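Report on the structure given below.
Any read-out appearing in this document is the output of simple, stated calculations on the displayed coordinates, not a laboratory observation. Computed from a predicted structure; not experimentally measured. For neighbour counting, all protein chains shown are included, and Cβ atoms are generated from backbone atoms with ideal geometry for every residue, glycine included.
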Amino acid sequence: MAPAAAARLTALACDHETEALGVRPMVAVDRVTKRFKVRARPGEPDTMVALDGVSFDVREGELVSLLGASGCGKTTLLRILAGLVPLDDGSVVVQGVPVKAPRRDLCMVFQNFGLLPWRSVMDNICFPLELDGMGRAKREQVAARYIEIVGLDGFERHYPHELSGGMQQRVGIARALTRKPLVLLMDEPFAALDAQTRETLQEDFLRIWKDLRTTVIFVTHSIDEALVMSDRVMIFTPRPGRLRRIVESPLGVDRVDRDVRALPEFARYRQEIRQMLRETP
Amino acid sequence: MSEAPLQAPGAVRARTTAWVLPWLKAHPNVLRISAVIVFFVYWEWAARGMSPLFMASPSAIFKAAWIITANGELPKAFIASMWPFALGLLLSIVGGIILGVLIAQFWFLEYILDPFLNALYAIPRVALVPLIILWAGLETTGKVTILVSIAIFPVIINTYSGIKDVRGSLLEIGKAYGATDRQIFTKIILPASVPYIMAGVRLAVGLAIIGMIVAEFFTAINGLGGLIVNYANSFATAKLFVPIIVIGLLGVGLTEFVMWLERRLSRWRTLERERF
């Protein structure tokens, strides 16, 4: 092959990277639109566009965050990805299969932890496997592994109300991991925690993610969190909810086990993203 | 002369009473038991000066209890009461939970049953007793029907509101993890409403005892309620007290048991409430 043609091909591959290389993206969000009915005064539109033609791909093993102010549709998009909310237009495809309803291979981590208060840590973590009809001995064996991964050994018989917020969210993460999901969907998982606990959980979660290489879509309203956590940041702007820019993180996989907040790039990126979020579309 | 400053005359007394009240407050049983002892002593003393037709002394009641236990009257009545009581309470709890679940889960059943349940709940059930006896008779069927008609309502109402009050966020956990409707019901809705249901059961126990006595007053054939009516009619005042005390003890014992069970099953809820 001529060098020029090869170069052109490389350029093409960069543009439509995943398609050109024949690798299907793990998650393909294509022109997703969602409208909500709202109560309006006569003469004003009675629909609110929560998401307006949002498209992006997520590669396998990638950690992507959806960043934006409240009301920008990021949580709605995550709920659409989870199959909890139907979309009005466009499509969401995960590993070649459109998402129409909740799927066993897409697992959710909730902002307020979403634990069942009458179940022990062990029984909460086993919940998805119990729904799948797995026997008790088997599912507790699977759960034990994730209890160790999230660092909750010794707390199996505790109840959620006996745990701190950080530990409760570790339960939430372990529960989501037990099904070995294709994509982990996280809805502002650390927003309800105090600053110190949040940083610890961010670091610990990054380590877990690096070991397991699960694809993660992570909703946050914190620029710092998005930069620390993700490979790419999807920046959303509200009214109507649009995907404004996709920013590659400057920090790479090296961000794991490192205090990236101290890097000069970190401050520069944070400033840029803050600017983008402020600009009126 | 001592160098201690002169004390005011009331100071010594003030210091001795200073520890008494906190000590009594820290040991509640001291006052409780003393009050009960004083009450019984006064009762014994007062009753001895009164006609035994109107008032019986504690010692006379104790003697009467011994007599009617030994001659088999009390045990027989107790067993005669317990069988319809147990059956009626069981039916109230099981039937109340089933009805509560059905009307909470199926809107058409709720709409259909609503007027009837509201009407029945609004009528004092005692007013229905003659009708129930007319239809169901004076025997076990009649007694159980009267008892259930009184005791079932708190179970239905609490089960219903327990299910209706399950937080949407809890249901969403089930949905997000792909639970079937049946799994959402058995693994989320039902456990989440257990504290409500148990509160309903506790109320039902108290009402079931009332129902049992009311049923036996009207049928007046046997049982503890029957004993009360018979002793009252023959002015056997000392004996009259015995079934009343037995019913009181039964009520306290059963309610304590249900409350213990309630605390065990709803522990997560009280603790959760303390936290938030």
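Placing a label point 7 Å from the Cα of B:LEU128 along the Cα-to-Cβ direction, the residues of segment B:144-162 with a backbone N closer than 14 Å are B:144-157.
The calculated Kirkwood hydrodynamic radius for segment A:52-192 is 16.1 Å, given to one decimal from all distinct C-alpha pairs.
R0 = 60 Å: FRET efficiency of B:TRP45 with A:SER164, Cβ-based, nearest 0.05? With R0 = 60 Å, the Cβ-Cβ based efficiency is 0.50. Per residue of A:99-109, other chain Cβ atoms within 10 Å of the residue Cβ number 2 on average. Each label point was placed 7 Å from the Cα along the Cα-to-Cβ direction; for B:THR180 and A:LEU212 their separation is 2.7 nm. The distance from the alpha carbon centre of segment A:198-235 to that of segment A:83-99 is 23 Å, rounded to a whole number. Using the Cβ-Cβ distance between B:LYS25 and B:PHE257 with R0 = 22 Å, the FRET efficiency computed as 1/(1 + (r/R0)^6) comes to roughly 0.15.
Cα centroid separation, segment A:109-124 to segment B:112-153: 43 Å.
Between A:LYS180 and B:LEU120, the distance separating the two model label sites (each 7 Å from Cα on the Cα→Cβ line) works out to 5.3 nm. Ranked by the mean number of other Cβ atoms within 10 Å of their residues, highest first, the peptides A:117-130, B:89-102 fall in the order A:117-130, B:89-102.
Close Lys pairs in segment B:60-275, defined as Cα atoms under 21 Å apart and 8 or more places apart or on different chains, number 7. When the chymotrypsin sites (Phe, Trp or Tyr not before Pro) in segment B:38-140 are filtered for DSSP coil states and for at most 13 other beta-carbon atoms within 10 Å of their beta-carbon, the remaining sites are B:PHE54, B:PHE106. Between B:ILE244 and B:LEU113, the C-beta separation translates, for a Förster distance of 35 Å, into a calculated FRET efficiency of about 0.40. Placing pseudo-labels 7 Å out from each Cα toward the beta carbon at A:VAL93 and B:LYS164 gives an inter-label distance of 4.7 nm.
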